[in-house]
Structure formats: structure tokens, C-alpha cells
Amino acid sequence: MAYDLQEQEQIDSMKAFWQQWGKLISGAVVAISVAYLGYKAFGYYQNAQASKAAVVFADVEQAAQSQDLAKVKGAAGLLQSDYAGTAYAADAALLAAKVAFEKNDLATAQAQLSWVVQNVKDESMVAVAHLRLATIELDQKRYDAAIAELGQAHPSAFDALFLDQKGDVHAAKGDKAAARDAYKAALAKLVGESPNRQFIQTKLDALGG
């Protein structure tokens, strides 16, 4: 097939462009394709992991309902070792800590909550873990350790809860002034008619002064 001069120039230009950039473009296309396939494969992997983790978490819930701490620990441990990147692992650790606390196995409760603090990225879950760790420390009259837990960084939505618990720790220590300050600060952080407002106010009133 014959081409006119203009068409031939365009063809020659395209050939020259391809000779100069063809390998780079082909490589880029391949790289993008591989990256996309990798992304899809990772998505399938994550979904598969989440599905498997959900099955194990169901065992945690069932064991928790029957207060079978050994089974709760076993299933939670499996989630933490094999599915640590899923939300189920964090939920299981918090649930295991709750059951352990109710069974007065404070060492296990602390271990589960510490796992959350050290391994979970969700700031809200970590904040809950710090609050519960502080409760355990308070239960054992380790007041300084409890205050240290309550001094950890947390989302602002948890400010009132952290301050309220600080008030509880100071009150247990017998430091009424510090307890009053903490309760007042907690009340100031509450928005509107929070259900906690009356509870905190009652504790504040009980301190007198």
C-alpha cells in the first residue's frame, strides 16, 4: 500500500518514537499489570484471612458466653498468631481480657490488653485497652501504674473517660483535691446530657469540699 509523504512522515515518526521509548513503555505496562494483579491477589488474600478469622472469633464468643477461659485464650491466641492483622484479633483480645478479669485472672487480662496496645493500630481500641489496664492496676492498688496508663495518648473522644478514671484512682489514693480536679475536668469534656454526667457529678459531690 502506498502512502503519501505526510502519512509516511507520521509512520516514520511513530517508528522513531517507539524505537526510543518502546521498551520503557512496555516495561511500564507490564509493571502496572503486575502491580494490579498483585493488588487484586492481596485483596483476595485479605478477604480469605478475614473469613477464616471470623470463624475462629465465633469460637471466642461462644467460649466467652460459657466463661470457658481456657478455650477463650486458645482461640484468641490463634487469632493473634495467625490473623493478627484482622480486627477479629483485637476484638478477641479485649473479650479474652474481660473474661479473664471476671475470673480474677488478672495476669491473663493484662497480657491480652497489652497485646492490643502493642499490636493494634486502631486508636480507639488501644484507648479502651489502656482504660481497662488502668482498672486492673487500680484493682490491685497500684495507683501510680494506673495513672501512667491514663496518661497515655488517646483520641479526644475518650478524654472524659480517662479523666473520670483518673478521679477514681486519686479518690482511692485518698487525694481528694486531685480527684475533684479530675472529675470536674471530666464533666467539662462531656457534651450535652451525657449519661455519664450524673454519675460523675455524684462522685464529685461525695468528695465534699
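The values are calculated or read from the model by the stated rules, or taken from the named source; none is laboratory data. As the structure is a prediction and not an experimental result, all values here were calculated from the model. Every residue, glycine as well, gets a Cβ built from its backbone with ideal geometry; the counts of neighbours run over all protein chains shown. When the accessible area is computed, the model is the full protein with side chains, heavy atoms only, and any ligands, DNA or RNA have been set aside. Shrake-Rupley method; radii C 1.70, N 1.55, O 1.52, S 1.80 Å.
Out of the residues in the stretch 49-68 that are out of contact with any Leu (no Cβ under 9 Å at 6 or more places or on another chain) and within 16 Å of Gln80 (Cα to Cα), state the one that is modelled with the lowest pLDDT. Ranking the candidates gives Gln49 first.
Among the residues of the stretch 153-166, those that are surrounded by fewer than 14 Cβ atoms within 10 Å (Cβ to Cβ) and either touching a Ser or Thr at 6+ places or on another chain (Cβ under 6 Å) or not hydroxyl-bearing (Ser, Thr, Tyr) (or both) comprise Ala153, Pro155, Ala157.
For the stretch 64-105, a tally of residues being farther than 26 Å from Lys121 by Cβ and in a helix (DSSP H, G or I) returns 5. Remark: pairs (first residue in the stretch 162-187, part of a helix (DSSP H, G or I) and of a type in the set (S, T, N, Q); second residue open to solvent by less than 50 Å² (accessible area, probe 1.4 Å) and at pLDDT 95 or above; Cβ separation under 7 Å; 6+ apart in sequence or on different chains) = Gln165/Leu131; Gln165/Ala134; Gln165/Leu150.
If you go through the stretch 115-151 one residue at a time, how many are more than 23 Å from His170 (Cα to Cα) and in a helix (DSSP H, G or I)? Reasoning before the result, please.
First pass over the stretch 115-151, keeping only residues more than 23 Å from His170 (Cα to Cα): 115-125.
Then drop every residue that is not in a helix (DSSP H, G or I), which leaves 115-119, 123-125.
Result for the stretch 115-151: 8.
Would you confirm, using the coordinates I've provided, whether Arg197 is assigned to a helix (DSSP H, G or I), touching a residue at least 12 places away in the same chain (Cβ under 8 Å) and open to solvent by 50 Å² or more (accessible area, probe 1.4 Å)? In short, no.
Step by step: first the residues of the stretch 167-186, then only those that are touching an Asp or Glu at 6+ places or on another chain (Cβ under 9 Å) and more than 19 Å from Lys141 (Cα to Cα), then the one that is surrounded by the fewest Cβ atoms within 10 Å (Cβ to Cβ). Which residue is that? Taking the candidates together, the pick is Ala185.
Would you point out which residue out of Lys121, Lys103, Lys98 is more than 20 Å from Asp139 (Cβ to Cβ) and either of a type in the set (Asp, Glu) or open to solvent by 30 Å² or more (accessible area, probe 1.4 Å) (or both)?
Lys121
Can you tell me which residue is nearest to Ala188 (Cα to Cα) among those in the stretch 133-152 that are in contact (Cβ under 8 Å) with a residue 12 or more places away in the chain and surrounded by fewer than 16 Cβ atoms within 10 Å (Cβ to Cβ)? Going through the qualifying residues, I end up with Gln152. Considering Lys103, Lys98, the condition of being out of contact with any helix residue (DSSP H, G or I) (no Cβ under 7 Å at 6 or more places or on another chain), in contact (Cβ under 8 Å) with a residue 12 or more places away in the chain and not hydroxyl-bearing (Ser, Thr, Tyr) is satisfied by Lys98 alone.
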